[in-house]
Amino acid sequence: MTNRRIAAAVSLFAVCLLSLGSAHAGDKVKGKGVITLRSGNTLTVETDDDASIAVTVTPDTKVQHPVGLGARKKQVGQEVLIPGLKLKFEGTGDPSQVTAETITFDRDDLSLAKVIQAGLNPTAQQQAHNMQTYQSNKKATDAEIAANQAAIAAANQEIAANQTSIDEVAQSTKKRFSELGDYVVKGDHTVYFATGDYSISAEDRQALADLAKQALAYQKGYVIQVAAFADSVGTPASNQVLSKERAQAVVAYLLQDCSVPVGRIVAPGAMGESNPAASNESPSGRSENRRAEIKVLVNKGIVDSGGN
């Protein structure tokens, strides 16, 4: 009898261990956030509580968006999962890594992500090329710095050349804006930001809302141009990213809160440290350079005809 009791206790303990392991292996995870990076089938998602989670997409993952006012959802291809897209996900895993079973997004959020990518991808690709060139040059010169001052000077010249290349990219974007020769400026506003920040103040939000209302009154023949900048604090690469985030913040507010149609916003420009409005040598000058310039451009034909 004693042996039977021991055997039964051992069996019960083994079943408990198996049940516990199974529960942890198949934990359900839900979350929401914004895609900041996609590498193959892995999405890096920044969640609402500022955590970063790796979401793996499999052939069985359902990617869908709501249709109409009911609970019906339409499934779409996984190619829509691009950086900048807000989404909700459900799957199995742990707080740092999830294998997604379903991913749900709104079509308006996909439109915003596409607008942002249209304007920022060329700049980001050029920036990545510049950084690769810089890193290659730095590796080539690090071994010679201690014994050869001439090599140090050459490395500094190469870094300066990379900075010039970054400025040229920003100048190219600015030129693209200036080539809107068939339009005239009918309204503008400049948003200023704190150091390292891209949030928009309540006062600037009201000014942007008023500017959007003015633009919408034209009904047709207008576009809104957004160009964002940074001061010289930090590295050129980090300032390029910061100016991109500032442009994204303004575009998102105009689309989501001011009802500006997607097609009326020119692909936003991330200008980095280029075209400073004032000297970066003083705090007041740097505060003027941390900005986003927003302009309402109206077709000359409409202006000349006296229409709205």
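So which residues in the range 211-242 are under 24 Å from L110 (Cβ atoms), in a helix (DSSP H, G or I) and in contact (Cβ under 8 Å) with a residue 40 or more places away in the chain, if there are any at all?
A212, A215, L216
Considering each of G119, G70 in turn, give the residue that is of a type outside the set (V, I, T), in a loop (DSSP other than H, G, I, E, B) and at pLDDT below 90.
G70
Do we have T133 as open to solvent by 20 Å² or more (accessible area, probe 1.4 Å), closer than 30 Å to V29 by Cα and modelled with pLDDT of 75 or more here?
no
Given the structure, is V191 open to solvent by 50 Å² or more (accessible area, probe 1.4 Å), under 12 Å from R290 (Cβ atoms) and over 16 Å from the mean Cα position of the chain (by Cα)?
The answer is no for V191.
Looking at D50 and the list (1) under 20 Å from the mean Cα position of the chain (by Cα); (2) more than 16 Å from E101 (Cα to Cα); (3) surrounded by 12 or more Cβ atoms within 10 Å (Cβ to Cβ), which single condition is not satisfied?
Failed condition: (3).
When the residues of the range 143-167 are narrowed to those that are part of a helix (DSSP H, G or I), at pLDDT 70 or above and not aliphatic (A, V, I, L, M), which ends up surrounded by the most Cβ atoms within 10 Å (Cβ to Cβ)?
Top of the filtered list is E158.
Just the residues that are of a type in the set (D, E, K, R) and surrounded by fewer than 17 Cβ atoms within 10 Å (Cβ to Cβ), please, taken from the range 55-89.
D60, K62, R72, K73, K74, E79, K88
The values are calculated or read from the model by the stated rules, or taken from the named source; none is laboratory data. Predicted model, so just to flag it, every value in this text is computed and none were measured. Cβ sites come from the backbone with ideal geometry, for glycine too, and all protein chains shown count toward neighbours. Just so you know, the surface numbers come from the protein's heavy atoms only, side chains and all, with ligands and any DNA or RNA stripped out. Shrake-Rupley method; radii C 1.70, N 1.55, O 1.52, S 1.80 Å.
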